[in-house]
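A.B. asks: My structure is below; once you've seen it, I'll send some questions.
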Amino acid sequence: MRIRRKDWHSADIIARLRKKGMTMAELSRQSGLSSSTLANAIVRPWPKGEWLIAGALNIHPSEIWPSRYYDPKTRCLRDRKVRLPAEKDPELPVDPEASCPDL
């Protein structure tokens with residue numbers, strides 16, 4: 001039986017950033033965003049913000065937010081950076097199982 005990991009508490013995310021010597025507002029401004037914009041990723045899914053925060057902590061966003069990155073049915077990592085191609089462009093390959101090893 002697998003133990004399901006929980007998403008980090010917002011205070012834990014902020015504390016880890018502080019240990020790295022930065023605040024959420026500083027990271028947000030360094031990324032070209034308004035000082036409070038990046039905090040949105042803590043309370044709701046926002047892949048760009050999640051990747052910026054995780055990058056500052058040198059980890060993958062799935063470590064911080066497993067509920068946002070793992071499919072509960074397949075228990076495989078979802079690649080949230082890949083967008084499905086528009087129907088008008090059938091040339092682009094899409095492999096929905098690319099990030100999931102055979103179970």
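The values are calculated or read from the model by the stated rules, or taken from the named source; none is laboratory data. Given the structure is predicted, the values throughout are model-derived calculations rather than measurements. FYI the Cβ positions are ideal-geometry reconstructions off the backbone, even for glycines, and counts take in every protein chain you see.
A.B. asks: Do we have Ile53 as closer than 17 Å to Tyr69 by Cβ and either out of contact with any Gly (no Cβ under 8 Å at 6 or more places or on another chain) or outside any helix (DSSP H, G or I) (or both) here?
C.D. replies: Spelling it out, Ile53 is indeed closer than 17 Å to Tyr69 by Cβ and either out of contact with any Gly (no Cβ under 8 Å at 6 or more places or on another chain) or outside any helix (DSSP H, G or I) (or both).
A.B. asks: Please work out which residue is surrounded by the fewest Cβ atoms within 10 Å (Cβ to Cβ), limiting yourself to region 56-75 and to residues that are aliphatic (A, V, I, L, M) and part of a helix (DSSP H, G or I).
C.D. replies: The qualifying residue surrounded by the fewest Cβ atoms within 10 Å (Cβ to Cβ) is Ala56.
A.B. asks: Residues that are at pLDDT 75 or above and among the acidic types (Asp, Glu): does region 80-91 have at least one?
C.D. replies: no
A.B. asks: Of the residues Ala15, Ala41, only one is in a helix (DSSP H, G or I), surrounded by 18 or more Cβ atoms within 10 Å (Cβ to Cβ) and among the small types (Gly, Ala, Ser); which?
C.D. replies: Residue meeting the stated conditions: Ala41.
A.B. asks: Is it the case, given these coordinates, that Ala25 is over 15 Å from the mean Cα position of the chain (by Cα), outside any loop (DSSP other than H, G, I, E, B) and at pLDDT 95 or above?
C.D. replies: Answer is yes for this residue.
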